[in-house]
Amino acid sequence: MSSFDFLLQGLAAAAQPMLLLYAFIGVLLGTMVGVLPGIGPALTVALLLPVTYGLDPAGSLIMFAGIYYGGMYGGSTTSILLNTPGESASIITALEGNRMARNGRGGPALATAAIGSFIAGLIATLLLAFLAPYIVRMALVFGPREYFALMVLAFVTVSSAFGDSTLRGLTSLFLGLALGCIGIDQLTGQARLSFGFPDLLDGVDVTTLAVGMFAVGEALFVAGQHALDRDQVLPVKGSIWMSRRDWARSWKPWLRGTAIGFPIGAMPAGGAEIGTFLSYSAEKRLTKHPEEFGNGAIEGVAGPEAANNASAAGTLVPLLTLGLPTTATAAIMLAGFQQFGLQPGPLLFATNPTLVWSLIASLLIANLMLVVLNLPLIGLWVKLLTIPKPWLYAGILMFATLGTIGTNPSSFELGMLMGFGLIGYLMRMFHYPVAPIVVGLILGPMAEQQLRRALSISQGDWSVLVQSPVAAVLLTLAALGLIVPLVLRAMGKGQVLQAVAADED
Amino acid sequence: MRHFTLGALFAAVLAVPAMAADYTIIAPANPGGGWDQTARTMQDVLQKEGISKSVQVQNVPGAGGTIGLAQFAEQHKGDPNALIIGGYVMVGAVLTNNSPVSLADVTPIARLTGEYEAIVVPAASPHQTMADLIAALKADPGAVSWAGGSAGGTDHIAVGLIAQAAGVDPTKINYIAYSGGGEALAAILGNQVTAGVSSLGEFQSQIEAGTMRLLAVSAPERIEGVDAPTLKEAGLDVDLQNWRMVAAAPGITDEQKAAITADIEKMAKSAGWQEQLASKGWSDTWLAGADFDAQLAEDTAATEQVLKSIGLVK
Amino acid sequence: MTDRPPPHTDPAPDPAERPPEPHVVHPSLFAVAAGLAVIGAVMLWDAGRLSGAAGYSNVGPAMFPRIIGGVLIGLAVWTAISTLRRDFPDPHPSAHGPILWVLAGLTAQLLLLKVAGFSIATGLLFALTARGFGKRNLAVTIPLGIAMAFVIWAVFSQVLMLNLPAGPLERLFFGAAP
């Protein structure tokens, strides 16, 4: 039987009304919990996984897929509407998405995110289904030096999230890099910048930083502005649906985001965030409306959201073919798969085709269910913005702290959340962009470890970094990314770029 | 059947059960890891076998389990309803992190499961046997890169022990630490490193698929169904098990300790537990009482010695 | 990091040099620069105490903190210069009272969480945050917050089995949960 037959069989089996109902419940529960600010997809899946335990394997698998997609999508909803991403992969979505929401275009932003997620999820799941064994072979070409080169490229692209000032962007990035040094050095086991606190030995949790910087920092900042009556958000202006122009501007970013996100998600040490950074930067370079970037450009939502979802499907490639969970969500999913008797590994597609294909069919159906459920709900989500500020922000802080207390019930972690909130507030006060600090915390440790691993394997020979063709190409791209804007600026276009780059806050 | 399950689901969502938890199990790691899975499996079996009415799992992640251990020893002193999961990694982490609280500050109950370390090379590697690898190591220790989990963890200790047994200076090993066995696996498959060391289970499916070659295992005797010599057969006097244990709070009475041990033993001997072990590929290495205490003391002393010789503990 | 800016961290620039520009130099910006320099210095100091165990890579654990610390000090100097040259935009005006209310709410939650349980601690956070946003009637908002937090506690800890600290209120309704 060919792969295609397996897939059709899986889809036919999953299309029973009862199973569709389970998919619907899964998506609904996943969206409801995922939409709470500060509660990201990993926690959502972990919390809701037991709900699937009581069902028969087919029902439980499909409900699980629904929870997964619902949790992923719920996270971007709060990111767009309230500027409070629950995890690092939706930070970039908040950059443009929240601007759109503030301008009264929350509806189109949510719609492009939902449809983009659907399209990316659809394409990426199909790629996963038919190409997983080949893709993983390509991903394994990536060793420490190739990852280091990829990180360098990602660092260059971060500058597109800097806003209007290189000084403030770099400062924010380096503060993130400094935070990344905290904790036990993975390669030598020595504690750095921990000052004797055992709680710091594992380093700064990206989720705590992201929720602190965005949810808490935003609440503090809005509180200060609210009292001065300087803060205006339009709930809805114009249609909550995407216009013909929105569609025209979204479809290419969806496809590009998928093309960027999927392979990076499939790399064992890639990570979903990096795809979103690269996609945002690509959209910013390619757009015909550069003046809108920083003020709510729809491409800046469509691309990264598609990349985020495509890389989520991409993480299933190493998970299914190597048994290798590369994100927190994937680690919890692995535990979920085991309860269905699915043992991921290189022989999985050969030894257990029925289960794999029903999983893939479930993912496709849950993905469809998500868009069916959530497009009509957009009108409701946008109403979140009409909740009076005191109740809205009091609620945001409740859930933001709930997420932290639930994952790590320590006073130290809550204290860090509050400290990061205060820093996020001060950074907004002084016009510093807040995304680069989170990006620095994610990229810094990865770049450092991969570089030191590469050099350790080569016994200190730096030339290996450029000896692999893949690494050389990535480093060349990074160098071009640095040099081309400088050349453009020197040629006088710089003023235009400067003038159109918007104020971060 | 489906109607029943759906009904049960709604009932579970609507009805808020008002039950006291009999046990709280602290998993000193993030959700998804080995300790967390052990805790959740215990939760499941204890409840299903009717040993305990209600069991809660609490994750206290951080620093190789030492944060959870310290918090447990302090907050649950004398509490007969609190349990913590631990393991061999914790023994090393206590030493490398200079943790003020060690396994001596809690009440170890029993060793539950364990996994042996596997030494593998990529399928394309020129090294066919452990002897080939050791010959390369002796010729130039820096040229043999070993991928494994975090610095000072079980995998690192295994490499240190192997070097020591082969008469190579353990400080000279070129150990490449990854955040876990999984990430190391990708490096081995990608031919980035000379050899890999991790729990056998991490590599099993790759070995079966022929993408990796298993050179040796760290078990005292050959493992049934695994076609590889032990390190001892390869002439290296190394025997290492990455075990997981359960401990109770400090300051409990002997009767309380006996009651907990009885509950845990009942769980470990139950059909449900054995089924779970089989499905997860964990081996049953049950050991309790004075035997376990003696084994623990022995492991701690040996670990301290090897960590000193690698240069991770001063 | 930088706390509320102390008024005189750096000497004010010579008034004679001040070009005729609409805005004055904000002393708080020097505090930002000083804060960055302090973080940079701490990183350099901490890197100094690490052993140089570089192994085979020749790049030890101290190298990255050294580079980052050095760059942060450089950025501090740049910030100071940019402030003197009036290149740095003025900070957003912001009311301090509301910020303090919200921070008080977070602190109250942090301190009371283990003692009073999730509902009471988080209820206070809710009420004090709402106070920061202008809802002054604590007699209404505190009970409202506690009631909401209690519902959240019940759903998350009893239905979804998330481990949330219980206090007297939770124990009153659900028995002696841990």
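Annotations for the structure displayed:
- Condition broken by B:ALA247, with the remaining ones in (1) more than 16 Å from B:ALA39 (Cα to Cα); (2) away from chain A (no Cβ under 14 Å); (3) not in a loop (DSSP other than H, G, I, E, B) satisfied: (1)
- Conditions (1) among the acidic types (Asp, Glu); (2) within 12 Å of another protein chain (Cβ to nearest Cβ); (3) farther than 20 Å from A:ILE184 by Cβ; number of the one not met by B:GLU183: (3)
- Put simply, of B:LEU287, B:LEU185 the only residue that is part of a strand (DSSP E or B) and either within 22 Å of the chain's Cα centre (by Cα) or surrounded by fewer than 17 Cβ atoms within 10 Å (Cβ to Cβ) (or both) is B:LEU287.
- Total residues in region C:102-125, condition surrounded by fewer than 21 Cβ atoms within 10 Å (Cβ to Cβ) and modelled with pLDDT of 90 or more: 7
- Yes/no for A:ALA114 being touching a Ser or Thr at 6+ places or on another chain (Cβ under 6 Å), hydrophobic (A, V, I, L, M, F, W, C) and away from chain B (no Cβ under 14 Å): no
- Selection within region C:106-136 - more than 26 Å from C:PHE174 (Cα to Cα) and either more than 11 Å from chain A (Cβ to nearest Cβ) or small (Gly, Ala, Ser) (or both): C:ALA130, C:GLY132, C:GLY134
- Region B:52-69 - residue that is assigned to a loop (DSSP other than H, G, I, E, B) and not β-branched (Val, Ile, Thr) and, of those, farthest from C:ALA166 (Cα to Cα): B:GLY62
- Answer residue from region A:152-162, given it is within 21 Å of A:VAL434 (Cβ to Cβ) and part of a helix (DSSP H, G or I) and is nearest to the other protein chains (Cβ to nearest Cβ) among those: A:PHE155
- Taking every residue in region A:274-302 that is of a type in the set (D, E, K, R) and pairing it with any residue that is not in a helix (DSSP H, G or I), at least 6 positions away or on another chain, the pairs with Cβ-Cβ distances below 7 Å are A:LYS284/A:PHE293; A:GLU299/A:THR287.
- For region B:48-65, the count of residues that are modelled with pLDDT of 75 or more, in contact with a Phe, Trp or Tyr (Cβ under 6 Å, 6 or more places away or on another chain) and buried (at least 21 other Cβ atoms within 10 Å of the Cβ) is at least one.
- Total residues in region A:168-209, condition at the interface with another protein chain (Cβ under 8 Å from one of its Cβ atoms) and in a helix (DSSP H, G or I): 8
- Filter result for the condition that a residue is facing chain A (nearest Cβ under 9 Å), polar (S, T, N, Q) and more than 20 Å from A:VAL136 (Cα to Cα), over B:SER150, B:SER199: B:SER150
- Qualifying residue in region C:31-38 (condition: at pLDDT 90 or above, out of contact with any Lys or Arg (no Cβ under 9 Å at 6 or more places or on another chain), outside any loop (DSSP other than H, G, I, E, B) and at the interface with chain A (Cβ under 8 Å from one of its Cβ atoms)): yes
- Which listed residue, of A:GLY143, A:GLY196, is of a type outside the set (Phe, Trp, Tyr) and without any contact (Cβ under 8 Å) to a residue 12 or more places away in the chain: A:GLY196
- Extreme residue, modelled with the lowest pLDDT, among residues of region A:145-169 that are of a type in the set (A, V, I, L, M) and more than 16 Å from A:LEU451 (Cβ to Cβ): A:ALA161
- Among (1) more than 24 Å from the chain's Cα centre (by Cα); (2) surrounded by 20 or more Cβ atoms within 10 Å (Cβ to Cβ) - the single one C:LEU128 does not satisfy: (1)
- Test: residue in region B:206-216 that is more than 22 Å from A:LEU322 (Cα to Cα), touching a residue at least 24 places away in the same chain (Cβ under 8 Å) and not hydroxyl-bearing (Ser, Thr, Tyr): no
- Residues that are within 13 Å of chain C (Cβ to nearest Cβ), farther than 25 Å from A:GLY106 by Cβ and hydrophobic (A, V, I, L, M, F, W, C), drawn from region A:43-78: A:VAL45, A:ALA46, A:LEU47, A:LEU48, A:LEU49, A:VAL51
- When restricted to residues that are of a type in the set (Asp, Glu) and crowded, with 24+ Cβ neighbours inside 10 Å, region A:147-168 contains 0.
- Of all the criteria given as (1) over 30 Å from B:THR253 (Cβ atoms); (2) assigned to a helix (DSSP H, G or I), the one not satisfied by B:GLU74 is (1).
- Only one entry in C:PRO61, C:PRO98, C:PRO143, C:PRO65 is assigned to a loop (DSSP other than H, G, I, E, B) and either modelled with pLDDT under 95 or more than 30 Å from A:LEU193 (Cα to Cα) (or both), namely C:PRO61.
- Of the helices (runs of 4 or more DSSP H) entirely within region A:388-489, those holding at least 3 residues that are of a type in the set (Ser, Thr, Tyr) and within 9 Å of another protein chain (Cβ to nearest Cβ) occupy A:389-407.
- When restricted to residues that are among the small types (Gly, Ala, Ser) and surrounded by fewer than 24 Cβ atoms within 10 Å (Cβ to Cβ), region A:402-457 contains 7.
- With respect to the conditions (1) farther than 30 Å from A:ASN408 by Cα; (2) within 11 Å of chain B (Cβ to nearest Cβ); (3) of a type outside the set (Val, Ile, Thr), A:SER165 lacks only one, and its number is (2).
- Unmet criterion (only one of (1) in contact (Cβ under 8 Å) with a residue 60 or more places away in the chain; (2) crowded, with 20+ Cβ neighbours inside 10 Å; (3) farther than 26 Å from B:SER283 by Cβ; (4) away from chain A (no Cβ under 11 Å)) for B:GLY86: (3)
- Reported count of residues in region B:40-68, each being facing chain A (nearest Cβ under 10 Å), at negative phi and among the aliphatic types (A, V, I, L, M), is 2.
The values are calculated or read from the model by the stated rules, or taken from the named source; none is laboratory data. Small disclaimer: the values here were computed from a predicted structure and weren't measured. All Cβ positions, glycine included, derive from the backbone under ideal geometry; neighbour counts span all protein chains shown.
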